[in-house]
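Encoded as structure tokens, the structure appears first; notes follow it.
The values are calculated or read from the model by the stated rules, or taken from the named source; none is laboratory data. No experiment lies behind these values; they were computed from the predicted model shown. All Cβ positions, glycine included, derive from the backbone under ideal geometry; neighbour counts span all protein chains shown.
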Amino acid sequence: MHDCSCEKPLVPGIVEVIDIIDETPDIKNFYVRSENGVPFDVMPGQLAMVSLLPVGEGMFSVSWQEENDHLEFAIKRTGLMTDELHRIEVGQKLGVRGPYGNGFPVEECKGKDMLFIAGGIGLAPLRSFIKYCFKHREDYGKITILYGSRSSADLCFKDELFEKWPQEKDTEVYVTIDNPEEGWDGHVGFVPAYLEELNPSPEGTIAVICGPPIMIKFALQSLEKMGYSDEQVITTLEMRMKCGIGKCGRCNIGSEYICLDGPVFNLAQLRQLPPEW
Ligand code: FES
């Protein structure tokens, strides 16, 4: 057994699943650990290739690296590979290699207020940046988190959203669901509309956004209306990452390979690309 490293990006290291948290009916958060702790260090927004023999492999965002103890992957059931992953139990061995992608610009964001906007499973990659900000709390200004999902059952990381994150210094957390439901006394409505209602100031703020394409499209329009410049808005096109190393040709937009230059871009950079994103 060996750990992965950047020098051997195609050789998976073996990790063991040490915990599985049911986040929603179709999202589980898997905690994995190699015999030495984490198989490799990951920055917020980076991804890793997870393999389950004999089923296959898939590229997933790392939703958190807990020191040198374990990595977390929040994975939504979307097909054969993820269906099988949802059937595994604690103790299962997986292959993991990486990390892949540029990750979020944690250094450039220092000193800024942070506005995180997420929908559904889109909170998974943002969570790594949110938790990074809390871990380095003095480096960042006010933190605002706006998260929405179809229903209350589809909200992931509920203990952090409702219990832990609101307790953090200078932090506001807003949660919404798409439609009214019995027993829910929180906000109801789509994320972009709630964003405009909250109207967070663009002054000294970086907005980081991830979620379904339709949510991103309208949230970007809302941010523009509120005065955010293209340089102040960051998103990740992580869903396009397949091989992660510029080989499969499945991530390109025009002549650009998302896996080689991204998947994290600011809006000014994305506007240089053909409008396929
Ligand atoms: S993900 Fe395969 S070429 Fe980019």
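Each row is one residue, and each column tells you yes or no for (1) of a type in the set (S, T, N, Q); (2) crowded, with 17+ Cβ neighbours inside 10 Å.
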| site | (1), (2) |
| --- | --- |
| 18 | no, no |
| 23 | no, yes |
| 34 | yes, yes |
| 50 | no, yes |
| 64 | no, yes |
| 89 | no, no |
| 92 | yes, no |
| 97 | no, yes |
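Within region 60-83, count every residue that is within 16 Å of the ligand (Cβ to nearest atom), touching a helix residue (DSSP H, G or I) at 6+ places or on another chain (Cβ under 8 Å) and not hydroxyl-bearing (Ser, Thr, Tyr).
Keep residues of region 60-83 that are within 16 Å of the ligand (Cβ to nearest atom), which gives 60-61, 81.
Next, from what is left, pick out any that are touching a helix residue (DSSP H, G or I) at 6+ places or on another chain (Cβ under 8 Å): 61.
Those left that are additionally not hydroxyl-bearing (Ser, Thr, Tyr): none.
Qualifying residue count, region 60-83: 0.
Of the numbered conditions (1) in contact (Cβ under 8 Å) with a residue 40 or more places away in the chain; (2) more than 26 Å from residue 211 (Cβ to Cβ), residue 75 satisfies every one except a single condition; which is it?
The failed condition is (2).
Within region 100-112, does at least one residue satisfy the condition of being closer than 18 Å to residue 147 by Cα, surrounded by fewer than 21 Cβ atoms within 10 Å (Cβ to Cβ) and touching a residue at least 24 places away in the same chain (Cβ under 8 Å)? Steps first, please.
Our first condition is that a residue be closer than 18 Å to residue 147 by Cα; within region 100-112, this holds for none.
No, region 100-112 contains no residue that is closer than 18 Å to residue 147 by Cα, surrounded by fewer than 21 Cβ atoms within 10 Å (Cβ to Cβ) and touching a residue at least 24 places away in the same chain (Cβ under 8 Å).
Being farther than 22 Å from residue 126 by Cβ, among the hydrophobic types (A, V, I, L, M, F, W, C) and surrounded by fewer than 14 Cβ atoms within 10 Å (Cβ to Cβ): is that true of residue 243 here?
Here the answer is no, as residue 243 does not meet what is asked.
Got at least one residue in region 177-184 being surrounded by fewer than 20 Cβ atoms within 10 Å (Cβ to Cβ), touching a residue at least 40 places away in the same chain (Cβ under 8 Å) and either in a loop (DSSP other than H, G, I, E, B) or not polar (S, T, N, Q) (or both)? Please lay out each step first, then the result.
Applying the first criterion (surrounded by fewer than 20 Cβ atoms within 10 Å (Cβ to Cβ)) to region 177-184 yields 178-184.
Next, only the ones that are touching a residue at least 40 places away in the same chain (Cβ under 8 Å) stay: none.
No: region 177-184 contains no residue that is surrounded by fewer than 20 Cβ atoms within 10 Å (Cβ to Cβ), touching a residue at least 40 places away in the same chain (Cβ under 8 Å) and either in a loop (DSSP other than H, G, I, E, B) or not polar (S, T, N, Q) (or both).
Could you grab me the full set of residues in region 8-32 that are closer than 24 Å to residue 104 by Cβ and among the charged types (D, E, K, R)?
Matches in region 8-32: 23, 28.
Quick check, is residue 90 aliphatic (A, V, I, L, M), out of contact with any Phe, Trp or Tyr (no Cβ under 7 Å at 6 or more places or on another chain), farther than 28 Å from residue 257 by Cβ and outside the structural domain of residue 209 (by TED's automatic domain parsing)? If you could, list the steps in order and put the result at the bottom.
On the way: aliphatic (A, V, I, L, M): yes; out of contact with any Phe, Trp or Tyr (no Cβ under 7 Å at 6 or more places or on another chain): yes; farther than 28 Å from residue 257 by Cβ: yes; outside the structural domain of residue 209 (by TED's automatic domain parsing): yes.
Answer is yes for this residue.
Might you let me know whether region 116-123 holds any residue that is in a helix (DSSP H, G or I), buried (at least 21 other Cβ atoms within 10 Å of the Cβ), small (Gly, Ala, Ser) and not assigned by TED's automatic domain parsing to the domain that holds residue 23?
Our first condition is that a residue be in a helix (DSSP H, G or I); within region 116-123, this holds for 120-123.
Still in the list and also buried (at least 21 other Cβ atoms within 10 Å of the Cβ): 120-123.
Now narrow it down to the ones that are small (Gly, Ala, Ser): 120, 122.
Narrowing the set further to residues that are not assigned by TED's automatic domain parsing to the domain that holds residue 23 leaves 120, 122.
So far as region 116-123 goes, yes, one or more of its residues are in a helix (DSSP H, G or I), buried (at least 21 other Cβ atoms within 10 Å of the Cβ), small (Gly, Ala, Ser) and not assigned by TED's automatic domain parsing to the domain that holds residue 23.
Would a scan of region 129-143 turn up a residue that is within 19 Å of residue 208 (Cα to Cα), of a type in the set (Asp, Glu) and outside the structural domain of residue 219 (by TED's automatic domain parsing)?
Looking through region 129-143, none of the residues is within 19 Å of residue 208 (Cα to Cα), of a type in the set (Asp, Glu) and outside the structural domain of residue 219 (by TED's automatic domain parsing).
Taking region 40-96, which residues are under 13 Å from the mean Cα position of the chain (by Cα) and not hydrophobic (A, V, I, L, M, F, W, C)?
44, 45, 46, 61, 63, 65, 72, 76
Between a first residue in region 30-54 that is in contact (Cβ under 8 Å) with a residue 12 or more places away in the chain and a second residue that is of a type in the set (Phe, Trp, Tyr), which pairs have beta carbons less than 6 Å apart while being 6 or more apart in sequence or on different chains?
Close Cβ pairs satisfying both conditions: 30/73; 44/104; 44/129; 44/132; 45/104; 47/100; 50/60.
Show the residue pairs that are 6+ apart or on different chains and have beta-carbon atoms under 6 Å apart, the first residue being within region 245-271 and under 17 Å from residue 61 (Cβ atoms), the second being of a type in the set (Asp, Glu) and within 14 Å of the ligand (Cβ to nearest atom).
263/238
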